[in-house]
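The values are calculated or read from the model by the stated rules, or taken from the named source; none is laboratory data. Here the structure is a predicted model, which means the values were calculated and not measured. FYI the Cβ positions are ideal-geometry reconstructions off the backbone, even for glycines, and counts take in every protein chain you see. The accessibility values were calculated without ligands, DNA or RNA, using every heavy atom of the protein model including side chains. Shrake-Rupley method; radii C 1.70, N 1.55, O 1.52, S 1.80 Å.
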Amino acid sequence: MQTVIKATCTTHLVKHESEAIQMFIFQNNRGKKPTNLEIIKAQFMYIIHLHGGSDTEQLILEVKNRFEKIYKSIASIEHRIDEDSVLLYTLRVYYNSLWETNSIEKINEELNGKKTIQFIRDFSQSLEDSFNALMFFFGEDEKKYFEIHSLIVLGRLAEVMPFIIKMYIFSIPKTDICKFCSIAEILVLRHRIIGTRANIVSRLNDVYQKFTEKNLSIEPIIKRIEWMRNVKNWWWSYWNDKHLKEAINGWIEPSTAKYILWKYENFLAGKGHEGYEPIRYDAIVSPELEHIAPKTPTNGQPVKAGYANYDEEFVNEYIDCLGNYLLISKSQNCSIGNKPFSEKLASYTHLFQQREVQEIVKGKEIWDKDKINDRHTKIVGYILNNL
């Protein structure tokens, strides 16, 4: 409250709009930092005022109209992706290279060049196209196409978003976009599970650059990623089945484990059901990751509670593994806590994977190393065959 009471305002009178824009660029270093996109817009306006000549008013109106459309798009997707990321992806589309990494630096190079005004017109159009593409991708298409929904749920898609934007700009059929999303999901998920520092960009940039308006086939992209799943050549093999199998037998970060179990749930639900409609992730109310054998032994007596003895091996290798994880709603998770296994088991009736646990322990309601191994093997088999 004191901050507001003691706050002061200063006024700087300027004679021309270009001076106001210049002040924004060089003096706006207090309070909330402007985004790169806001800085770029201000730079564009300033350059137009300086070098637009007789076309200044028309150019200002043109760029302003584009940014109005951009900000409308931002309003609809800002909870899914930040605007500076889209700026970077647009740069990669504009220059047709996944190697572009510094938006401000690259754009400043162009603004100091000879064709500044043409670049502003072209790049602002490219920005509008990118935001418009992502508005559909994260909007009505995410609701309509499960493959798109699935990739978006996975998240952290920096390496594949420029492909997506290109596909929308080139008006690629939605069937092809969905096909790409399915294969891109596999690569992104493997990269995350395996945790390799190997650079995906260097393995994809050539097929990305060849994907143009004159060559609209996505098959080379699909084939490259499928090949990377199986190849044994050391430079390419970081994402193959061998490395994946090694990684999924260890610790998996919780958000990724939840994602895998959601996919596994759809696999179980769809077995033997032709025409099965997959369950959307947002159809599961507040999904959480449940430890079937709890981290904290029930009343300090796990064996009496229906679990294995919490020896060093069990604690280090079994508690935090896929075989001991279960996808569950928050309300159900809160209600069962670290209760005895028999009480937990009685509540496992909501999802197919919960009922699978009931089948695994049928006749002997004990959740020990053998049961966890049994379930872990089933999930790993699914991953290797489908992801």
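Within region 176-206, being without any contact (Cβ under 8 Å) to a residue 40 or more places away in the chain and of a type in the set (A, V, I, L, M, F, W, C) holds for ILE177, CYS178, CYS181, VAL188. Annotation for region 295-303: no member residue is assigned to a loop (DSSP other than H, G, I, E, B), out of contact with any Ser or Thr (no Cβ under 8 Å at 6 or more places or on another chain) and open to solvent by less than 10 Å² (accessible area, probe 1.4 Å). Going by the structure shown, is LEU91 out of contact with any Phe, Trp or Tyr (no Cβ under 7 Å at 6 or more places or on another chain), without any contact (Cβ under 8 Å) to a residue 60 or more places away in the chain, not aromatic (Phe, Trp, Tyr) and not in a helix (DSSP H, G or I)? Here the answer is no, as LEU91 does not meet what is asked. Candidates are the residues of region 277-291 that are part of a loop (DSSP other than H, G, I, E, B) and open to solvent by 70 Å² or more (accessible area, probe 1.4 Å); the one that is farthest from LYS339 (Cα to Cα) is GLU277.
Scanning region 94-115 for residues that are assigned to a helix (DSSP H, G or I) and in contact with an Asp or Glu (Cβ under 8 Å, 6 or more places away or on another chain), we see that the one that is modelled with the lowest pLDDT is SER103. Filtered by the rule that a residue be in contact with a helix residue (DSSP H, G or I) (Cβ under 7 Å, 6 or more places away or on another chain), among the charged types (D, E, K, R) and loosely packed, with under 15 Cβ neighbours inside 10 Å, region 70-103 gives a lone residue, ARG80.
Regarding ILE260, is this residue hydrophobic (A, V, I, L, M, F, W, C), in contact (Cβ under 8 Å) with a residue 12 or more places away in the chain and either touching a His at 6+ places or on another chain (Cβ under 6 Å) or within 29 Å of PRO287 (Cα to Cα) (or both)? Yes: the conditions hold for ILE260. Restricting attention to region 282-302, the residues that are more than 20 Å from TYR348 (Cβ to Cβ) and at pLDDT 90 or above add up to 1. Of all residues in region 44-70, those that are on the phi > 0 side of the Ramachandran plot have Cβ atoms under 9 Å from Cβ atoms of residues that are of a type outside the set (Ser, Thr, Tyr) and surrounded by fewer than 21 Cβ atoms within 10 Å (Cβ to Cβ), 6 or more apart or on another chain, in GLY53/ILE117. Do we have TYR264 as touching a helix residue (DSSP H, G or I) at 6+ places or on another chain (Cβ under 6 Å), hydroxyl-bearing (Ser, Thr, Tyr) and either under 17 Å from SER342 (Cα atoms) or not in a helix (DSSP H, G or I) (or both) here? Considered against the rule, which asks whether it is touching a helix residue (DSSP H, G or I) at 6+ places or on another chain (Cβ under 6 Å), hydroxyl-bearing (Ser, Thr, Tyr) and either under 17 Å from SER342 (Cα atoms) or not in a helix (DSSP H, G or I) (or both), TYR264 comes out as no.
Matching residues to (1) hydroxyl-bearing (Ser, Thr, Tyr); (2) under 23 Å from HIS191 (Cα atoms); (3) open to solvent by 80 Å² or more (accessible area, probe 1.4 Å); (4) part of a loop (DSSP other than H, G, I, E, B):
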{"site": "LEU244", "(1), (2), (3), (4)": "no, yes, no, no"}
{"site": "ILE252", "(1), (2), (3), (4)": "no, yes, no, yes"}
{"site": "SER255", "(1), (2), (3), (4)": "yes, yes, no, no"}
{"site": "ASN309", "(1), (2), (3), (4)": "no, no, yes, yes"}
{"site": "GLU313", "(1), (2), (3), (4)": "no, no, yes, no"}
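Of the candidates SER286, SER255, the single residue that is on the phi > 0 side of the Ramachandran plot, of a type in the set (Ser, Thr, Tyr) and under 20 Å from the mean Cα position of the chain (by Cα) is SER286.
Taking region 14-79 as the region of interest, the helices (runs of 4 or more DSSP H) fully inside it that hold 3 or more residues being more than 16 Å from GLU128 (Cβ to Cβ) and modelled with pLDDT under 90 are 17-27.
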